[in-house]
Amino acid sequence: MSSRCAVCPGSFDPPTWGHLSLVERGVLLFDRVIVAVAYNSSKAALFSPEERVEMLRESLAGYDPDRVVVDSFDGLLVDYARRQGAVAILRGLRATGDFEYEFQMAMVNQQLAPGIQSVFMMTDARWLHLSSTIVKEAAFYGVDLSAMVPPPVAVRLREKLGRPSPAVSV
Ligand code: PNS
């Protein structure tokens, strides 16, 4: 039987528990999930693509390397997905705010590569409120990040933003 591969693309600036939850559930559906950091994201990034790849590799180290791969790509997502032999693009959906952008992207990708299916999974309710943007803001203010990002990412955020240990809430 042929093995089914999905590309799970994103900026991952930085990866959050929400991203990891998507990968965890993605491997239930696909034989192989390639977590792919986009080089050419239109967003200004805090971390370099190399740093984002490293954080993902550290955070996903517990998986069978044949099932979960971390990589990066430049250019069009569908071209990368084709080169990898992927049958699907896997994305997470939080509340309604994500829908319009995801819908547009899925339509364009469908036009460019009708053979690759966009698959969306609803975010685990525990991570519904999380985004990389809010995580960066929380890190800037010294908030305890343990409920937002895996430990290797929390360490990098603190290094990057020059903040000491988590603030004690009063
Ligand atoms: O985590 P993000 O920022 O929502 O991820 C968006 C991403 C990187 C998946 C998207 O911007 C993307 O696919 N970029 C590569 C260029 C591309 O193929 N764009 C869509 C067709 S024009």
Comparing SER72, SER11, SER42 in a Gaussian network model of the chain (Cα, 10 Å), the one with the largest mean-square fluctuation is SER42
Label points 7 Å out from Cα along the Cβ direction at PHE120 and GLU24: separation in nm? 2.3
Within the range 1-152: Cβ-based charge dipole about Cα centre, in debye rounded to nearest 20 (Lys, Arg +1; Asp, Glu -1): 340
Could you compute the FRET efficiency for SER146 and GLN110, with r as their C-beta to C-beta distance and R0 at 35 Å, rounded to 0.05? 0.35
Could you compute the net charge surrounding SER11? Neighbours are other residues with a C-beta less than 9 Å from the C-beta of SER11; K and R count +1, D and E count -1. +1
Segment ARG4-ASP74, length gained on full extension (0.36 nm per residue, minus Cα span): 22.9 nm
Sort 74-86, 24-36 for me by packing, meaning the mean count of neighbouring Cβ atoms within 10 Å per residue, highest on top. 24-36, 74-86
Spherically averaged projected area in nm², based on the convex hull that wraps the Cα atoms of the chain: 10.3
Counting Lys and Arg as +1 and Asp and Glu as -1, each charge on the Cβ, what is the dipole of the range 56-140 about the Cα centre in debye, to the nearest 20? 80
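Give me the net charge of GLU100's neighbourhood, meaning all other residues with Cβ under 15 Å from the Cβ of GLU100; Lys, Arg count +1, Asp, Glu -1.
Residues near GLU100 contribute 0 overall.
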May I ask for the distance between the Cα centers of the range 61-123 and the range 1-35, given as a whole number of Å? 9
How much accessible area does SER2 have with a 1.4 Å probe, in Å² rounded to the nearest 10? 80
A convex hull over the alpha carbons of the range 42-138 yields, per residue, a volume in Å³ of 136
Please list 3J(HN,Hα) in residue order for the range 6-14, calculated via the Karplus relation 6.51 cos²θ - 1.76 cosθ + 1.60 where θ = phi - 60°; whole Hz, with x for glycine and proline. 10, 9, 10, x, x, 7, 6, 10, x
Just reorder THR16, THR123 by solvent-accessible area, largest first, 1.4 Å probe, all chains present. THR123, THR16
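The values are calculated or read from the model by the stated rules, or taken from the named source; none is laboratory data. On a predicted model such as this, the values are computed, not experimentally measured, just so you know. Here Cβ is always computed from backbone atoms with ideal geometry, including for glycine, and neighbour counts include all displayed protein chains. To get the accessible areas, we keep the full protein, side chains included, count just its heavy atoms, and leave off ligands, DNA and RNA. Shrake-Rupley method; radii C 1.70, N 1.55, O 1.52, S 1.80 Å.
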